[in-house]
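The next block holds one structure in the form of structure tokens; read it before the comments.
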Amino acid sequence: MSTETAYIFKSAERQEEADACMTRVYQVMEDDSVTKYYAKQHKRFEFSCGLYASGYKALQRDVMMITVPENKGCALVLRQPAQQWTVLGKIWHGGWKPLVTCVPLSYWRSLLSLGDKLEKHHKEFTQEHGAHLYVWVIVAEPQGLGLGGRLLRALTDLADSEGLWCYLEATTSRSRDLYARHGFEQRDEWVVDAKELILYPMARSPRKMPNT
């Protein structure tokens with residue numbers, strides 16, 4: 001499926017493009033707030049690869065990708081069926097083994113607690129809204145070119161055409177503001193470290209229902 005500025009496809013159907021997108025994710029997410037907070041400085045790329053590669057391996061058949069030309073930006077999206085909420089558990093728990101050497105021992109309790117909170121919140125959201133699109137990750141580099149907006153417009157157009165809610169967790173106030181401009185509303189605020197890491201669960205209701 002394509003829009004004016006983005007392409008939407010299932011990762012299992014276009015493996016070469018999906019692999020290129022994942023390589024981009026590993027590179028960009030090395031500088032994500034979660035990675036920078038939990039991973040040792042010299043282990044950030046390894047942390048990013050371990051977390052996202054493990055999650056992708058477990059969920060590959062379910063991952064839908066949104067890309068913009070020249071692989072400058074992509075989003076990983078999971079179509080969540082009603083009452084199925086184990087995705088976050090697969091993502092987080094599937095990534096622990098490769099991360100053992102990346103995270104200082106003193107940070108593990110916090111990281112595990114965050115994983116449990118994500119899973120609990122996502123379960124509650126699924127019970128509340130049923131089927132929805134879970135935005136696992138969005139990468140848009142370099143910034144300032146409108147790549148994030150193009151990805152989000154493709155995502156929200158898809159969600160609106162199917163009458164689906166969207167759900168995600170913003171990891172910075174800047175990304176939170178971008179999502180808010182595209183109709184996402186903040187549901188909560190999780191303070192891991194008041195100075196270094198705050199997460200913002202956000203959701204967007206469908207703006208129109210599909211034709212029946």
Run the quick spin-label model on residue 187 and residue 157: label points 7 Å from Cα toward the beta carbon, then report their separation in nm to one decimal. 2.6 nm
Given 0.36 nm per residue, what is the gain on full extension from residue 7 to residue 20 after removing their alpha carbon distance, in nm? 3.3 nm
Could you list which residues have their amide H under 5 Å from that of residue 170, counting only those 5 or more apart in sequence or on another chain, with H placed in the peptide plane? 200, 202
Rounded to whole angstroms and listed largest first, the alpha-carbon spread of segment 7-204 along its three principal axes comes to 46, 37, 32
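Starting with the fewest neighbours, write out 112, 59, 105, 155 ranked by other beta-carbon atoms found within 10 Å of each beta-carbon. Mind dumping the intermediate values first?
Working: 112 14, 59 17, 105 7, 155 24.
Lowest count first: 105, 112, 59, 155.
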Here the FRET efficiency for residue 53 versus residue 105, based on Cβ atoms and R0 = 22 Å and rounded to 0.05, is 0.45
Which whole-Hz ³J(HN,Hα) couplings does segment 167-172 yield from phi under the Karplus relation 6.51 cos²θ - 1.76 cosθ + 1.60, θ = phi - 60°, glycine and proline marked x? 9, 7, 10, 7, 10, 9
If I model a spin label at residue 177 and residue 128 as a point 7 Å from the Cα along the Cα→Cβ vector, what separation in nanometres do I get? 2.5 nm
Student exercise, segment 7-204 dipole from Lys, Arg, Asp, Glu Cβ charges, in Debye to nearest 20: 340 debye
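Every read-out reported here was derived from the displayed coordinates using simple, explicitly stated rules and does not represent laboratory data. Here the structure is a predicted model, which is why all the values come from computation and not from measurement. Positions of Cβ are backbone-derived with ideal geometry, glycine not excepted, and every protein chain shown enters the neighbour counts.
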